[in-house]
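No lab work stands behind these numbers, since they all come straight from the coordinates. Model, not experiment: these values are computed from the prediction. Counting neighbours? That spans all protein chains shown, and the Cβs are built from the backbone with ideal geometry, glycine included.
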């Protein structure tokens, strides 16, 4: 089955019916390129349906089928993003390591900076949506990363504010003493 045949079959169907059809297509004998296409389609549909762990798994499958290093890095970075959004930081860390294993020294720094920035952006989104506990988890994760002193003081200030709002007195006192 080719990409165009798959596209034609999916046309006009709802998201979950498309997911079902794509999963069935994976059981057929497909070329590596077509299989990767199906995984990426599934990832997009799962992300749209807010099934982030499944979407991340599909990105990982696509990365494993990819041949070019840049393509692998792109898929692994997307996998890390999806795991960060779902709060699975250990899996995000693994995806980041997988991306870095495909990269040269300069690309490794770019990947690390990208993931760090994504953590920050996601924390701001959580704050804006008043998901303070999630924002706290994200900021605490950022503190564990390699960051500059300026970034560290900014993150600490945000954490102190969130701890105060959440009534986490013990965490507030510990962080304030550091």
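Using only Cα atoms and rounding to the nearest 10 degrees, what angle (0 to 90) does helix 89-101 make with the longest principal axis of the chain?
70 degrees
Would you kindly give the portion of the calculated P(r) for the chain that falls above 28 Å, as a percent of all Cα pairs?
For the chain, the fraction of Cα-Cα distances above 28 Å is 36 percent.
Given the Cα-Cα distance of residue 165 and residue 112 and 0.36 nm per residue of separation, how much length would full extension add, in nm?
16.0 nm
With everything on Cα atoms, drop me the angle between helix 32-48 and the longest principal axis of the chain, reported from 0 to 90° to the nearest 10.
That helix lies at roughly 50 degrees to the long axis.
With all distinct Cα pairs included, what does the Kirkwood hydrodynamic radius of segment 89-178 come out to in Å, to one decimal, could you say?
Here the Kirkwood hydrodynamic radius works out to 14.0 Å.
Given the -39500 (n - 2.57) contribution per DSSP H run of 4+ residues, what per-residue ellipticity at 222 nm results for the chain, rounded to the nearest 500 deg cm²/dmol?
-26500 deg cm²/dmol, from helical runs alone.
Among 91, 41, 27, determine the one that fluctuates most according to a GNM of the chain built with springs between C-alpha atoms less than 10 Å apart.
Highest fluctuation among the options: 27.
So what is the relative contact order of segment 118-178, in percent, for Cα pairs below 8 Å that sit 6 or more residues apart?
27 percent
Taking just the alpha-carbon atoms of segment 1-54, what radius of gyration and Dmax come out, in angstrom?
Just the Cα atoms of segment 1-54 yield Rg and Dmax of 10.6, 29 Å.
To test your reading of the geometry: what angle, between 0 and 90 degrees and rounded to tens, separates the Cα axis of helix 132-144 from the longest principal axis of the chain?
Result, in degrees: 80.
Return the distance in nm (one decimal) between the two label points of a simple spin-label model at residue 151 and residue 69, each offset 7 Å from Cα along Cα→Cβ.
Going from the residue 151 label point to the residue 69 one covers 2.3 nm.
What length, rounded to one decimal in nm, is gained on full extension from residue 137 through to residue 105, with 0.36 nm per residue of separation minus their alpha-carbon distance?
Residue separation times 0.36 nm, minus the Cα-Cα distance, leaves 8.6 nm.
For the chain, set up a Gaussian network in which alpha carbons nearer than 10 Å are linked by springs, and say which option among 72, 85, 94 fluctuates the most.
Top of the fluctuation ranking is 94.
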